[in-house]
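A quick write-up on the structure given underneath.
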Amino acid sequence: MQNKNSIKRLVKNNCACYLGTKHGIPNYCCLQDSPCIFFSQNDALPRCTYFENGVLPMDEKLDQEYKFKRNVETEPKTAKPRVNCTRCGGTFSANSNRQKYCDKCRGRARKESIRTRVRKFRQKDSSM
Ligand SMILES: [Zn+2]
């Protein structure tokens, strides 16, 4: 994990809970009352709400990488709109605001429109 060093640097310089060596504990975090979780030898990336909310935003680039790597859901601002299907009335999440049918009905509606087109075509054909 290459960003761990950047995280550590950010913690060292900016985290208010990071107190250096205290009570004989290196990288002491006053919030955890134990070493800062980002300084563990473990490769896994721990989560620290205080860090994510109060320290990480200071480094925009790291913030993005951090959230990207962990799939941190920040705000559901990209949430798809819930729309009622005009065919069956069921709700579904639309990919675009032009979408009228749910996934199930979309397939059926397409087939039906082809069928009606074919029927019209045949009717015209037979009347000639
Ligand atoms: Zn539907």
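The values are calculated or read from the model by the stated rules, or taken from the named source; none is laboratory data. From a predicted model like this one, the values you see are computed outputs, not experimental measurements. Cβ atoms come from the backbone with ideal geometry, glycine included; neighbour counts cover every protein chain shown. These accessible areas exclude ligands, DNA and RNA; they are computed on the full protein's heavy atoms, side chains included. Shrake-Rupley method; radii C 1.70, N 1.55, O 1.52, S 1.80 Å.
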| field | Given (1) in contact (Cβ under 8 Å) with a residue 12 or more places away in the chain; (2) assigned to a helix (DSSP H, G or I); (3) within 20 Å of the chain's Cα centre (by Cα), number of the condition residue 38 does not satisfy | value | (3)
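Residue-wise test of (1) more than 30 Å from residue 105 (Cα to Cα); (2) open to solvent by less than 70 Å² (accessible area, probe 1.4 Å); (3) at pLDDT 95 or above.
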| site | (1), (2), (3) |
| --- | --- |
| 32 | yes, no, no |
| 39 | yes, yes, no |
| 65 | yes, yes, no |
| 71 | yes, no, no |
| 83 | no, yes, no |
